[in-house]
Every structure is written in structure tokens, then in C-alpha cells.
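A short reminder: the numbers here are calculations on the coordinates, not readings from a lab. Keep in mind it's a predicted model, so treat the numbers as computed, not measured. In this analysis, Cβ positions are derived from the backbone assuming ideal geometry, glycine residues included, and neighbour counts consider all displayed protein chains.
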Amino acid sequence: MLSKKMQDALNQQVLVEAESSQVYLAMASWAEIQPGLDNITAFFYRHSDEERMHMLKLIHFINERGGFAMVPALAQPNLTYPSVQHAFRELLNHEIKVSESINTLVDIALAEKDYATHNFLQWYVSEQIEEEALARVMNDKLELIGDDKSGLYLFDRDILAVNVTGGGSVE
Ligand code: OFO
């Protein structure tokens, strides 16, 4: 059984994951109307789907542990970006914030002596390590590319090989 404090904190994370999904969905929609960013667009759409899976995983966990997962209202995310670089910079900053919020959850689970939730959260801890690492690599590459259009062409081509972590299933 979840404590009230743990339940509230997990519900807050439902919001964080839902917002992540919305932010990446907006990035995808913006990228889709830019010329030549087909694979970057697909990456953002897939990333948005992954974040929704993260949200669903939390919702199921909260409800299975005797709590009540509350579906949150969402603010409209940023809709446009001055460049691909800006979008990926925001993605990295966003992932860093998500990692912080997962760490806070882990702290609460330990303080509450909720070892089941602590165990459940380890999946998110690993996930954030991978997502942050991926976002950093992409930002480094985009920094090298700068305003070089042929570099951006190659970046878009190479992103095809990138798999957003987290899988597509909710256990
Ligand atoms: Fe949910 O993993 Fe990124 O934010």
C-alpha cells in the first residue's frame, strides 16, 4: 500500500512524464513542417510515445499498489524552435529535470521505507541515464555541425539508427 506522500509524489511524476510526451510531440509537429527533417521528426514522435509509456507504467503501478493515479491537466508546450539545435538543447535540459524529479522520488521512497516503489523506480533511474547520455551525444554533434546544412542532412540521416530507450511495452 502506498503512503499518501508516496502516492502524491508518484502522481506528480505522472504529470512530468505526460508533459515530456507533450513537449516531444510539439517538437515532432514543428520538425515535421521543416524541410528535410524526416528522421528527426520520426525520432521526436517516437520519443513522445516512449514518454507516454513511462506515464502509463506509473499509472498502472500506482493503481496496482492500492493508490489512485490521477490523470493531470497539461499546459501547452513550446510550439516552435529557432533551430534544430534549440530543440535538442531543450530536450537535454528537459531530461536533466526529469532525472532530478526521479531522484527526488527515490529519496521519498527510501524515507518512507517503501522498498517496492524504490525497486520499481530503478527502471526509471536507468532509463534517465540512457536518455540523458543520448541527448548529450546529439547536442555535441549538433554543436559541431553549427550552421552547416550538409552536416544537418547527415545528422538527420544518422538519427535513423538511434533507438529511443525504454522499449514500447508497458509491463
Ligand atoms: Fe520518461 O524518460 Fe525521458 O523524460
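Counting other beta carbons within 10 Å of each Cβ, put Ser83, Ser3 in order, fewest first.
Placing the least packed residue first, the sequence is Ser83, Ser3.
Figure the gain on full extension for Asn78 and Lys4 (residue separation times 0.36 nm, minus the Cα-Cα span) and round it to one decimal in nm.
Extending this stretch completely gives an extra 23.4 nm.
Among Thr80, Thr41, which comes first, second and so on when ranked by fewest other beta-carbon atoms within 10 Å? Walk me through the intermediate numbers first.
On the way: Thr80 11, Thr41 20.
Going from sparsest to densest Cβ surroundings: Thr80, Thr41.
Taking the number of other C-beta atoms within 10 Å as the exposure measure, put Tyr115, Tyr45, Tyr124 in order starting with the fewest. Before the final figure, lay out each step's value.
Values: Tyr115 10, Tyr45 18, Tyr124 23.
Sorted ascending by nearby Cβ count, the order is Tyr115, Tyr45, Tyr124.
Starting from the Cα of Asp140, step 7 Å along the direction of its Cβ; do the same at Glu100; then give the gap between the two resulting points in nm.
Roughly 2.3 nm, to one decimal.
May I ask you to list the lysines whose Cα is less than 22 Å away from that of Lys141, ignoring any residue fewer than eight positions away on the same chain?
Lys141 reaches Lys97, Lys149.
Take Ser126 and Ser29, extend 7 Å from each Cα along the Cα→Cβ direction, and tell me the distance between the two endpoints in nm.
Computed distance between label sites Ser126 and Ser29 equals 3.4 nm.
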